[in-house]
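Right, one structure below, let's go through it.
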Amino acid sequence: MRTCFLKIYISFSFFLLSISIFAQDERAQIPSVLQKTYFEVNIGSIDYDFTQFQPEAGFSFQSLKVPHPAVRLVLFGYEFNKYLSAQLTYMRPVTWVKYKYKTDATGAIGQRTIWMNVGGLTLKPQLPITNRFSIYGEAGLGIITRSGFNDYVTGENVISNANYATFLFGGGLKYNVSKSMALQLSTAYSPAQPSEKQPSTSFVAAGFSYKLQKVSEKKIAEAAEVGYIHPKHMLQIGYSSNVLGYGVNNFVSSDKFPIFWGGEAEVYQGVSLTYQRNIFHTARVFSLDWGVSTSYWQSKGKGTGLSNPNKQDFFTLSVFPVARFTVLHTKPFDAYFYYSVAGPTYISKVMIDGENTGKHFTFQDNMGAGIYFGEKRNLNAEIMLGHYSNGNLFPNNDAVKVPLTLKVGYNLN
C-alpha cells in the first residue's frame, strides 16, 4: 500500500507537469491545470497517548511528554468543482514525543524521542453555506510513519519502527476572504493500530488556504510592457565541493536560523547536469519552473585525509519544482534567489557512510542565488546548497547534506 501511495504521487506530479508545459500558450498566464489548485497551512495541536501501549519485552514504561504544537500542510490540492476536491497532505509535530522507560534487568532509566508523521491522500467534499462560509469533510488514505529507538546501553529495541496504511478523516469550517484566500478551522483523525502499538492521532488547528487564480488580461499586458526577461529554457552544469566545509549548511539549518535542512551523510564532491523550463512568471519578480537533474556524488567518508578509502560513490535522478524571485533588474545583470522543495528523486544507495537514508525513493531540496547576464540574459551563474531526505515517509531518514555548489548555465528565451 505504501509503494502504491508513492507511485500515485510521482505519477500525478509527472502528469501535472506535462500538462502544464503543453497546455499553456503564454507564460504570463498560470497554466490552466494549475488554476484549480490550492495549498494550505494549518497550525494547531496534535495528540496521541502512548501510555496505552507497553514497550518491547525487557523494558517498561515510565513517563511520557507529548509536545502538542504541530503543523499540517496541503502540499497539493485540486478542486474538481465547488463541491469536491482531492489533496495530498503532510502532518507532523514541531518537536518529537519524549518517552522515558526502564530497563527491567538493571533498573536503569532511559529517555529517547519517537519521531512520527502522517501523510494523506484524501477526498474533500465541501458544502457552501453562504458566499463566504462553507463546511467540509475529509476521508481517504493515511500513511503513518514512526521512527522508534533502541536502548543506548544494550542496543535492544525499545519502541519499534512502524510504517503502515490506515484511514484518515477530518473536517472543518472555511471563511473565504477573497477568491484566492480563505481562513479555516480544521481537524484530522487517524485511528489506533494495536498491532503496531500505535495510538490514535488527533489534530485541531487554525490556518489558511490559498487557491491559484487566472491572471487578468491587464496584468498580462503589464508583463509584456515591462519587458523583463524570464528565461524559458535553462541548461546548467554544476560542481559541488566541501573545500569550504559545511558552515553555511549548518547555519541555515540551525535552531537560530532554520530555513533549510542539514543531513547526517555528507557529500565530499559531486557534479550535476540540470535542465529547467519556465512555466509561469509575473511581470517583475516571481517565476515558477520545473526541472530535471542527474547528479554524481562522492561522500565524505568516515575516515580522514584526501585519499580517504571510505568515500562512497552514488548518483541521483530528480524531477523538481522551482520558485524563483528575481529581486534585482539592472542593465548588466538580473539577480535572483530560489527555493526548491520535495522534488521526487531516485538515489542509488540507501546506506551512505553508515547512515541509513531509508529507501531508494527520496526528495531533493535546493536553495540558492544567482544572476542572469548578457544582453539577452542567455548566460547564468549561481551558488546553491542541497539536501536529500524522504521527509520521514519511512522510519529511517538519515538525510544527505550537499555543500556549496557552483553552477553555470546557458538560457534560451
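The values are calculated or read from the model by the stated rules, or taken from the named source; none is laboratory data. Values in this document were obtained by computation on a predicted structure and should not be read as measured data. Don't worry about glycine lacking a Cβ; one is built from the backbone with ideal geometry, like all the others, and counts go over all protein chains shown. Please note that ligands, DNA and RNA were not included when accessible areas were found on the heavy atoms of the full protein model with its side chains. Shrake-Rupley method; radii C 1.70, N 1.55, O 1.52, S 1.80 Å.
Matching residues to (1) at pLDDT below 85; (2) basic (K, R); (3) open to solvent by 80 Å² or more (accessible area, probe 1.4 Å):
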residue: S195; (1), (2), (3): no, no, yes
residue: Q198; (1), (2), (3): no, no, no
residue: G207; (1), (2), (3): no, no, no
residue: G227; (1), (2), (3): yes, no, no
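Pairs only if they're at least six apart or on different chains, beta carbon under 7 angstrom, first in segment 172-197 and under 30 Å from R146 (Cα atoms), second among the basic types (K, R); list them, first residue then second.
Once the first residue is under 30 Å from R146 (Cα atoms) and sits in segment 172-197, its partners that are among the basic types (K, R) give Q184/K174; A188/R72.
Please enumerate the residues belonging to segment 383-403 that are surrounded by fewer than 20 Cβ atoms within 10 Å (Cβ to Cβ) and either free of Cβ contacts under 8 Å to residues at least 60 places away in the same chain or among the aliphatic types (A, V, I, L, M) (or both).
I383
Need the failing condition index for N157 against (1) under 25 Å from V118 (Cβ atoms); (2) modelled with pLDDT of 95 or more; (3) open to solvent by 50 Å² or more (accessible area, probe 1.4 Å), just the number.
(2)
Tally the residues that are open to solvent by 30 Å² or more (accessible area, probe 1.4 Å), modelled with pLDDT under 95, in a strand (DSSP E or B) and not small (G, A, S), restricting the search to segment 339-360.
Qualifying residue count, segment 339-360: 5.
I'm told D289 meets every condition in (1) in a strand (DSSP E or B); (2) surrounded by fewer than 21 Cβ atoms within 10 Å (Cβ to Cβ) except one. Can you identify the failing condition by its number?
The number of the failed condition is (2).
For the condition among the hydroxyl-bearing types (S, T, Y), over 25 Å from Y90 (Cβ atoms), surrounded by fewer than 17 Cβ atoms within 10 Å (Cβ to Cβ) and touching a strand residue (DSSP E or B) at 6+ places or on another chain (Cβ under 8 Å), what is the one hit in Y336, Y296?
Values: Y336 fails: surrounded by fewer than 17 Cβ atoms within 10 Å (Cβ to Cβ).
Residue meeting the stated conditions: Y296.
Could you list, in sequence order, all residues of segment 254-280 that are open to solvent by 20 Å² or more (accessible area, probe 1.4 Å) and without any contact (Cβ under 8 Å) to a residue 60 or more places away in the chain?
Residues satisfying the conditions are S254, D255, K256, F257, P258, Y268, Q269, V271, L273, Y275.
Would you pick out the residues in segment 64-84 that are of a type in the set (D, E, K, R) and either touching a Gly at 6+ places or on another chain (Cβ under 7 Å) or closer than 16 Å to A205 by Cβ (or both)?
Step one: of segment 64-84, the residues of a type in the set (D, E, K, R) are 65, 72, 79, 82.
If the condition is that a residue be of a type in the set (D, E, K, R) and either touching a Gly at 6+ places or on another chain (Cβ under 7 Å) or closer than 16 Å to A205 by Cβ (or both), then R72 is the only one that fits.
Take the residues of segment 27-44 that are open to solvent by less than 30 Å² (accessible area, probe 1.4 Å) and within 12 Å of Y78 (Cα to Cα): which is nearest to the chain's Cα centre (by Cα)?
Looking at residues that are open to solvent by less than 30 Å² (accessible area, probe 1.4 Å) and within 12 Å of Y78 (Cα to Cα), I get E40.
Mind counting the residues in segment 108-157 that are free of Cβ contacts under 8 Å to residues at least 60 places away in the same chain, assigned to a strand (DSSP E or B), closer than 23 Å to Q87 by Cβ and not polar (S, T, N, Q)?
14
Please find, within segment 74-100, the residue that is modelled with the highest pLDDT out of those that are under 21 Å from L393 (Cα atoms), assigned to a strand (DSSP E or B) and open to solvent by 70 Å² or more (accessible area, probe 1.4 Å).
Restricting to residues being under 21 Å from L393 (Cα atoms), assigned to a strand (DSSP E or B) and open to solvent by 70 Å² or more (accessible area, probe 1.4 Å), the top hit is K98.
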